[in-house]
Amino acid sequence: MIDPRVLREEPDRVRTAQTRRGLSSAPVDDALAADEARRRTIADYETRRAEQKSLGKEVARASGEEKAELLARTRALSAEVKELEAAQGAAEQAWRDAVLAIPNLAHPDIPAGGEEQFALLETRGEMPEFDFTPRDHVELGAMLGAIDVERGAKVSGSRFYYLTGVGAELELALVMMAMDQARATGFTPMIPPSLVKPRAMEGTGFLGQAADDVYRIEGQDLYLVGTSEVPLAAYHSDEILDGAQLPLRYAAFSPCFRKEAGSHGKDTRGIFRTHWFDKVEMFVFTTLDEAEAEHERLLEHEKAFMDKLELHYRVIDVAAGDLGLSASRKYDCEAWLPSQERFRELTSTSNCNDFQTRRLDTRARYAEGIGPVATLNGTLCSTNRPIIALLETHQQADGSVRVPAALQPYLGGREVLEPR
RNA sequence: GGAGGCGUCGCCUAGUGGCCUAUGGCGCCCGCCUGCUAAGCGGGUUGAGGGUGAUCCCCUCUCGCGGGUUCAAAUCCCGCCGCCUCCGCCA
């Protein structure tokens, strides 16, 4: 959630941020009104409650007629306090709901507008060129015995797949390479739970408009996570961190589950958009002051990884309207897919500043007192999209695939993957 | 899954309806004292929210969480969650 103090003191900043996302500023006014109502009911309740408490003490001391009289007064007061408390609770909840409905403030430097309004930051790597007709990853995956989408569909339905043989090896190689890089750059490797309680889901902002995309476990209050960002953000929920220990950098490997409810008919071929995939995700807790610099570092880590895969890709600064609830700024790395002849998202890194920690009650103790903590996340390596990009980019006329030098040690030194 | 036990301020702990504005110890912080160190002495030390928002002051909430009983709940009742022990099952 956004900082209630910013809302109260600089509502115009919030309104502007809404507009840049292409959203109405009505929720801002709703939240302001709710805040006022909330504070009024708090004052009402607390005044009466204080009165009740002091009378209660007199009751304890009194006796006889005096006590009977006091009891009569205090009984009536008790009922009133109960009502005021309920009213206060309701106002508190209404206020919370209103503030929770407001997305993070979009960073002032990013473009306003929707998906197409992104700013191109740079393009890296060489555009792959072929003197034959390139195959797509489905065909290559079949030739290599690496990907089996037919049996994935047979067993689990559409948007599921098996990685087989060298395909499975490829995923493990990517994961190990990502983890090695993460460890070398100061991240603690983590394997978090991929089922979480509503609190974690809510706290990371995935139960709002994005709730359609989330799998819920039948008969239990548990959700399958769409990214390990969720269990990592919630890792320090209800904690006061030691400010001197920041930043805390984690890199998690986990499966990711997505209903893809809103994308029927989109990217149906192959393993580009699936209900399940695995991912190594970077996640950082740091100070608000350091958040932007850390965001740049996360982007550098992502670029370094893409470079090792020798992919052609571009880096974009995502527009305000395409940020999602929690992010104030987001950079995507999009790799060129020869079969689609366009750039497609492989990684995404977001600066959420204190939006998630406020919901999850994560703070830190600094020299000047207890204060907010920022969170940032970034994909280091999801598994299937990089596999697609690798196969398609480094394919050769006979269907074999060249292995980038950095990845070779993780594949037993193989330089080329040969069709079966 | 069955049976039992436990959950109090960073840690340990006292507390079985009003004197709890929650005890004591450890740790930590500030100060004093001691010519180093150690010891000793005094004070402080959960967090959140509100009061037309000064690190001061006042108030409310916070004894795992949520309800209930009561004029009054750490304390009594109900539900839930977590942890521990034993049994069963099991990778």
Report task. Pairs only if they're at least six apart or on different chains, beta carbon under 9 angstrom, first in the range A:279-308 and within 20 Å of A:Asp242 (Cβ to Cβ) and in contact (Cβ under 8 Å) with a residue 60 or more places away in the chain, second open to solvent by 60 Å² or more (accessible area, probe 1.4 Å) and basic (Lys, Arg); list them, first residue then second. Result -> A:Val284/A:Arg297
Query raised in the report: Considering the range A:343-362 alone, what residues qualify as being in a strand (DSSP E or B) and more than 17 Å from A:Tyr250 (Cα to Cα)?
Result: A:Phe343, A:Arg344, A:Glu345, A:Leu346
Query raised in the report: Any idea which residue in the range A:126-148 is surrounded by the most Cβ atoms within 10 Å (Cβ to Cβ), counting only those that are under 30 Å from A:Lys303 (Cβ atoms) and among the aliphatic types (A, V, I, L, M)?
Result: A:Ile147
Query - Residues that are open to solvent by 10 Å² or more (accessible area, probe 1.4 Å), part of a loop (DSSP other than H, G, I, E, B) and touching a strand residue (DSSP E or B) at 6+ places or on another chain (Cβ under 6 Å), drawn from the range A:287-322 - result: A:Leu288, A:His312
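Scan the range A:323-330 and tell me whether some residue there is over 21 Å from A:Leu120 (Cβ atoms) and either in the same structural domain as A:Ser228 (by TED's automatic domain parsing) or crowded, with 24+ Cβ neighbours inside 10 Å (or both).
The first filter runs over the range A:323-330 and keeps only residues over 21 Å from A:Leu120 (Cβ atoms), leaving A:325-326.
Next, from what is left, pick out any that are either in the same structural domain as A:Ser228 (by TED's automatic domain parsing) or crowded, with 24+ Cβ neighbours inside 10 Å (or both): A:325-326.
Yes: the range A:323-330 contains one or more residues that are over 21 Å from A:Leu120 (Cβ atoms) and either in the same structural domain as A:Ser228 (by TED's automatic domain parsing) or crowded, with 24+ Cβ neighbours inside 10 Å (or both).
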Query raised in the report: Which one is most open to solvent (accessible area, probe 1.4 Å) among residues in the range A:153-202 that are in contact with a helix residue (DSSP H, G or I) (Cβ under 6 Å, 6 or more places away or on another chain) and assigned to a strand (DSSP E or B)?
Result: A:Tyr162
Query raised in the report: Restricting attention to the range A:112-125, does a residue exist that is among the polar types (S, T, N, Q) and in contact with a Pro (Cβ under 8 Å, 6 or more places away or on another chain)?
Result: yes
Report summary line: Among the residues of the range A:190-236, the number that are modelled with pLDDT under 90 and among the polar types (S, T, N, Q) is 2
Query raised in the report: What number of residues in the range A:362-389 are open to solvent by 40 Å² or more (accessible area, probe 1.4 Å) and within 25 Å of A:Glu129 (Cα to Cα)?
Result: 1
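For the range A:367-391, which positions are touching a strand residue (DSSP E or B) at 6+ places or on another chain (Cβ under 9 Å) and within 16 Å of RNA strand B (Cβ to nearest atom)?
Residues satisfying the conditions are A:Ile370, A:Gly371, A:Pro372, A:Val373.
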**Report entry** Residue in the range A:16-27 that is within 10 Å of RNA strand B (Cβ to nearest atom) and not aliphatic (A, V, I, L, M) present
**Finding:** no
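Buried (at least 19 other Cβ atoms within 10 Å of the Cβ), assigned by TED's automatic domain parsing to the domain that holds A:Leu323, outside any strand (DSSP E or B) and of a type outside the set (Ser, Thr, Tyr): does that describe A:Leu207? Can you show your working first?
Details: buried (at least 19 other Cβ atoms within 10 Å of the Cβ): no; assigned by TED's automatic domain parsing to the domain that holds A:Leu323: yes; outside any strand (DSSP E or B): yes; of a type outside the set (Ser, Thr, Tyr): yes.
When the stated conditions are applied, A:Leu207 does not pass them.
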Report task. Can you run down the residue pairs with Cβ atoms below 8 Å, 6 or more apart or on separate chains, where the first is in the range A:374-396 and without any contact (Cβ under 8 Å) to a residue 60 or more places away in the chain and the partner is surrounded by fewer than 24 Cβ atoms within 10 Å (Cβ to Cβ)? Result -> A:Gln396/A:Arg402; A:Gln396/A:Val416
Requested in this report: Check the range A:336-349 and report whether any residue there is out of contact with any helix residue (DSSP H, G or I) (no Cβ under 7 Å at 6 or more places or on another chain) and open to solvent by less than 10 Å² (accessible area, probe 1.4 Å).
Outcome: no
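The values are calculated or read from the model by the stated rules, or taken from the named source; none is laboratory data. Everything numeric in this text was worked out from a predicted model, so none of it was measured. Note: ideal-geometry Cβ built from the backbone for every residue, glycine included; neighbour counts use all protein chains shown. The area values use the complete protein model at the heavy-atom level, side chains included, leaving out ligands, DNA and RNA. Shrake-Rupley method; radii C 1.70, N 1.55, O 1.52, S 1.80 Å.
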